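The next block holds one structure in the form of structure tokens; read it before the comments.
The values are calculated or read from the model by the stated rules, or taken from the named source; none is laboratory data. Everything numeric in this text was worked out from a predicted model, so none of it was measured. Neighbour counts are summed over all protein chains in view; Cβ atoms, including those assigned to glycine, are modelled from backbone coordinates with ideal geometry.
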Amino acid sequence: IEWDQGRGWHDARLEPYGPLSLDPATAVFHYAQELFEGLKAYRHADGTIVTFRPDANAARFNRSCERMAMPPVPEELFVRSLELLVETDRDWVPTAEGHSLYLRPFMIATQRGLGVNSPSSSYRFIVIASPSAAYFTGGIRPVSVWLSEDYTRAAPGGTGFAKCGGNYAAAFVAQAQAVEQGCDQVVWLDAMEHRWVEEMGGMNLFFAYGGGADARLLTPALTGTLLPGITRDSLLKLAHDMGIPAEEGRISTDEWRAGNASGELTEVFACGTAAVITPVGRVKGRDGEWLVGSGEPGPVTMRLREELIGIQYGTHPDPYGWVHKIC
Ligand code: PMP
């Protein structure tokens, strides 16, 4: 779908997957006005195909648009584009358990010219789809994380809350450092003091205290520098309904370490569309490393994971109407 200043959104079309032909002076190549979203289509046992909270993805996309001086995509148009693509060939949605069709809406600035002083006057919104299996190979294996002090993902007033490609481009070097340190994923800290935990790679983090019947959860608050994950938002509500108080707040790396050492902090997990919920088993930073609990997935993590996957795949009730039927 194309947008320009005179006509707004127009020329919606469905095309076979293939290369785009763009002028070398196209604005997105130079000034990175680019945004994306990520969500999945799931096949239920009765054959129904659904997505999960596409309205929330549309809302986040439009908050990102505002930050990047790009035109909003009305929610109805955003959701209808997803539906059209999936309806075109429902066999694209995998049948194997835990598999899904990953949907990637994105938008690029298409004005030609190298002027840098104003945003592009034209844009293209595109959705592509790709069948996906489990995100981390090896199923629900706890990941190890590296606390990144050399690099920050986002600064106050920046684009941390927006899903723009530049945030991810700037993250590769930190992720490579995490791997060099023998860890699976990078954990981002705040830009000012390098001690408040923000998020992990492409996922938000939750901390579980107490375990058993007294379990309670903490997740870093949305300060503007981390991505407001839709999985995070869903888990805050589900945890509450399951009798697990869940709060937004802050936790420093020292508190994380001390919590694991005293046994008060029993579980840590990361959450996002791609990997759903992934336990964190081991933490490493400049000052040493430690295990989270026993290093194995904990009961709070597994209960929440089962509940969320159950809603997405239609085996558990959907009290908030999050499941959106496509066909
Ligand atoms: N943080 C970042 C940086 C991400 O890229 C993602 C994935 N979109 C998330 C968190 C989790 O967001 P969601 O639950 O909406 O997938």
Residue among Gly166, Gly182, Gly160 that is crowded, with 17+ Cβ neighbours inside 10 Å and either of a type in the set (A, V, I, L, M) or in contact (Cβ under 8 Å) with a residue 12 or more places away in the chain (or both): Gly160
Check on Phe52, hydrophobic (A, V, I, L, M, F, W, C), farther than 23 Å from Asn167 by Cα and in contact with a Phe, Trp or Tyr (Cβ under 7 Å, 6 or more places away or on another chain): yes
Lone qualifier among Gly281, Gly298 - being closer than 18 Å to Met200 by Cα and in contact with a strand residue (DSSP E or B) (Cβ under 9 Å, 6 or more places away or on another chain): Gly281
Considering residues of the stretch 141-164 that are within 11 Å of the ligand (Cβ to nearest atom) and small (Gly, Ala, Ser) only, the residue farthest from the chain's Cα centre (by Cα): Ala154
The lone exception for Pro220 - which of (1) buried (at least 21 other Cβ atoms within 10 Å of the Cβ); (2) closer than 30 Å to Tyr17 by Cα; (3) without any contact (Cβ under 8 Å) to a residue 60 or more places away in the chain it fails: (2)
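For the stretch 206-240, what are the residues that are outside any helix (DSSP H, G or I) and near the ligand (Cβ under 9 Å from one of its atoms)? Reasoning before the result, please.
Here is the first cut: in the stretch 206-240, the residues outside any helix (DSSP H, G or I) are 206-211, 215-229.
Those that are outside any helix (DSSP H, G or I) and near the ligand (Cβ under 9 Å from one of its atoms): Leu226, Leu227, Pro228, Gly229.
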Counted residues, the stretch 33-71 - those being touching a residue at least 60 places away in the same chain (Cβ under 8 Å), closer than 18 Å to Asp4 by Cα and away from the ligand (no atom under 16 Å from the Cβ): 2
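Does the stretch 280-301 hold any residues that are surrounded by 16 or more Cβ atoms within 10 Å (Cβ to Cβ) and more than 16 Å from the ligand (Cβ to nearest atom), and which are they?
Those that are surrounded by 16 or more Cβ atoms within 10 Å (Cβ to Cβ) and more than 16 Å from the ligand (Cβ to nearest atom): Gly281, Arg282, Val283, Lys284, Gly285, Glu289, Val292, Gly293, Pro297, Gly298, Val300.
Residue by residue through the stretch 177-186, note down the ones that are of a type in the set (A, V, I, L, M) and either assigned to a loop (DSSP other than H, G, I, E, B) or away from the ligand (no atom under 11 Å from the Cβ) (or both). Please lay out each step first, then the result.
Step one: of the stretch 177-186, the residues of a type in the set (A, V, I, L, M) are 178-179, 186.
Listed by number, the residues that qualify are Ala178, Val179.
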Per-region count, the stretch 283-299, residues closer than 23 Å to Gly229 by Cα and assigned to a strand (DSSP E or B): 1
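Is it true that Ala246 is farther than 14 Å from Val145 by Cα, within 16 Å of the ligand (Cβ to nearest atom) and touching a helix residue (DSSP H, G or I) at 6+ places or on another chain (Cβ under 6 Å)? Full working, then the answer.
Values: farther than 14 Å from Val145 by Cα: yes; within 16 Å of the ligand (Cβ to nearest atom): yes; touching a helix residue (DSSP H, G or I) at 6+ places or on another chain (Cβ under 6 Å): yes.
Answer is yes for this residue.
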Given (1) within 11 Å of the ligand (Cβ to nearest atom); (2) surrounded by fewer than 17 Cβ atoms within 10 Å (Cβ to Cβ), number of the condition Met203 does not satisfy: (2)
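If we scan the stretch 226-248, do we find a residue that is more than 15 Å from Ala270 (Cα to Cα) and either at pLDDT below 95 or in the same structural domain as Met68 (by TED's automatic domain parsing) (or both)? Steps first, please.
So the first thing to find is which residues in the stretch 226-248 are more than 15 Å from Ala270 (Cα to Cα), and the list is 237-238, 240-245, 247.
Subset that is either at pLDDT below 95 or in the same structural domain as Met68 (by TED's automatic domain parsing) (or both): none.
No; the residues of the stretch 226-248 include none that is more than 15 Å from Ala270 (Cα to Cα) and either at pLDDT below 95 or in the same structural domain as Met68 (by TED's automatic domain parsing) (or both).
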Any hit, the stretch 117-127, residues being in contact with a His (Cβ under 7 Å, 6 or more places away or on another chain) and buried (at least 16 other Cβ atoms within 10 Å of the Cβ): no
Entirely in the stretch 17-101, the helices (runs of 4 or more DSSP H) that have 2 or more residues that are surrounded by fewer than 13 Cβ atoms within 10 Å (Cβ to Cβ) and over 18 Å from the mean Cα position of the chain (by Cα): 75-88
Considering residues of the stretch 187-198 that are within 12 Å of the ligand (Cβ to nearest atom) and closer than 30 Å to Ala109 by Cα only, the residue surrounded by the fewest Cβ atoms within 10 Å (Cβ to Cβ): Glu198
Single match in Arg303, Arg232 (criterion: in contact (Cβ under 8 Å) with a residue 24 or more places away in the chain and over 29 Å from Tyr168 (Cβ atoms)): Arg303
